[in-house]
1. Of the residues that make up the range 78-96, is at least one farther than 16 Å from VAL63 by Cβ and either in contact with a helix residue (DSSP H, G or I) (Cβ under 8 Å, 6 or more places away or on another chain) or buried (at least 17 other Cβ atoms within 10 Å of the Cβ) (or both)?
2. Name the one entry in TYR59, TYR37 that is in contact (Cβ under 8 Å) with a residue 24 or more places away in the chain, open to solvent by 20 Å² or more (accessible area, probe 1.4 Å) and under 20 Å from THR90 (Cα atoms).
Amino acid sequence: QVQLVESGGGLVQPGGSLRLSCAASGSIYSIYAMGWYRQAPEKQRELVATIIIDGTTNYADLVKGRFTISRDNAENTVYLQMDSLKPEDTAVYYCNALGVATEDVDDGEYWGKGTLVTVSS
């Protein structure tokens, strides 16, 4: 069974930085896309950034120039470097894996349980 485990959330002051990590475990052959989504209180979950297996990235306009997504295909891990954080970045950040191939499935999608990022002075 595939599991995604996020880490790196916490409390940071405005203008500060955090680095989130998400490791996928299980009998994984490959993962087509990995990404980060976030959900602020009383708001819908929204895309933050995605990266596909060839390194192509996509960012939400709100985070372009401040956040950087990267991945280690050999370790099935995705990272999100968040710089110049703002209070409006406060949210639970969720890791997503899409197009997961394992010994049991050809095209699975999985979510982590989330990690809380709070930007406040």
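The values are calculated or read from the model by the stated rules, or taken from the named source; none is laboratory data. None of these values were measured; they are calculated from a predicted model. Positions of Cβ are generated from backbone atoms using ideal geometry, with glycine treated the same way; all protein chains shown enter the neighbour counts. With ligands, DNA and RNA removed, areas are computed over all heavy atoms of the protein, side chains included. Shrake-Rupley method; radii C 1.70, N 1.55, O 1.52, S 1.80 Å.
1. Here is the first cut: in the range 78-96, the residues farther than 16 Å from VAL63 by Cβ are none.
No; the residues of the range 78-96 include none that is farther than 16 Å from VAL63 by Cβ and either in contact with a helix residue (DSSP H, G or I) (Cβ under 8 Å, 6 or more places away or on another chain) or buried (at least 17 other Cβ atoms within 10 Å of the Cβ) (or both).
2. Working: TYR59 fails: in contact (Cβ under 8 Å) with a residue 24 or more places away in the chain.
Result: TYR37 is the single residue among TYR59, TYR37 that is in contact (Cβ under 8 Å) with a residue 24 or more places away in the chain, open to solvent by 20 Å² or more (accessible area, probe 1.4 Å) and under 20 Å from THR90 (Cα atoms).
For (1) among the aromatic types (Phe, Trp, Tyr); (2) surrounded by 20 or more Cβ atoms within 10 Å (Cβ to Cβ); (3) in contact (Cβ under 8 Å) with a residue 60 or more places away in the chain, each residue gets a yes or a no:
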{"residue": "ILE51", "(1), (2), (3)": "no, yes, no"}
{"residue": "ARG71", "(1), (2), (3)": "no, yes, no"}
{"residue": "VAL100", "(1), (2), (3)": "no, yes, yes"}
{"residue": "ASP104", "(1), (2), (3)": "no, no, yes"}
